[in-house]
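The values are calculated or read from the model by the stated rules, or taken from the named source; none is laboratory data. None of these values were measured; they are calculated from a predicted model. Note that each Cβ is placed from the backbone with ideal geometry, even for glycine, and that neighbours are counted across all protein chains shown. All accessible areas refer to the heavy atoms of the entire protein, side chains included, with ligands and DNA or RNA removed. Shrake-Rupley method; radii C 1.70, N 1.55, O 1.52, S 1.80 Å.
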Amino acid sequence: MGVVLTAIVITGFSAATLVRPGGVSAIPPLVHVHGAVFLGWFVLFCAQAQLAGSGNIRVHMTLGKTSIALAAAMVVLGYLMVRGASLRHPVGHRH
């Protein structure tokens, strides 16, 4: 399931990036960092599931400690992304 979700994320966001005017270079750096961290979480999720499933619990637990930092980064970046979007497009503002 983790691999399927990762493929959906990559496919969905790649398609949106390719049709964006200006392409990848038009996307702000914060969005790139956000994407890399969130994709990293999906990859870590897949690795963790594979490690646990194969009985490699020691490495699984070591990577689990890394996942705490990644989760904290996801919370901060998620907040920054929402805040940035709300500043660009305030609720109730008509174009």
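Report the trypsin sites (Lys or Arg not before Pro) located in segment 7-95 that are in a DSSP loop and have at most 10 other Cβ atoms inside 10 Å of their Cβ, or state none.
Working: sites: R58, K65, R83, R88, R94; in loops: R94.
Of the trypsin sites (Lys or Arg not before Pro), the ones in loops of segment 7-95 whose Cβ has at most 10 other Cβ atoms within 10 Å are R94.
Accessible area per residue of the chain at 1.4 Å probe, in Å²? The partial results should precede the final answer.
Working: 6990 Å² over 95 residues.
Heavy-atom accessible area per residue stands at 74 Å².
Using each residue's phi in segment 38-54, evaluate 6.51 cos²θ - 1.76 cosθ + 1.60 at θ = phi - 60° and report the 3J(HN,Hα) Karplus result to the nearest Hz, with x for Gly and Pro.
For segment 38-54, the Karplus curve yields 5, 5, x, 5, 4, 5, 4, 4, 5, 5, 4, 5, 5, 4, 5, x, 8 Hz.
Where in segment 35-75 does the label zone of S14 land, with the point 7 angstrom along Cα→C-beta and an amide N cut-off under 20 Å?
Within reach of a label on S14, which here means backbone N under 20 Å from a point 7 Å along Cα→Cβ, segment 35-75 contributes 35-47.
Between the helical axis of 2-18 and the dominant principal axis of the chain, each derived from Cα atoms, what acute angle in degrees is found, rounded to the nearest 10?
20 degrees
Suppose we look only past 19 Å in the calculated P(r) of the chain. What percent of the Cα-Cα pairs does that tail hold?
Details: 2472 of 4465 pairs.
Summing the P(r) tail past 19 Å for the chain gives 55 percent.
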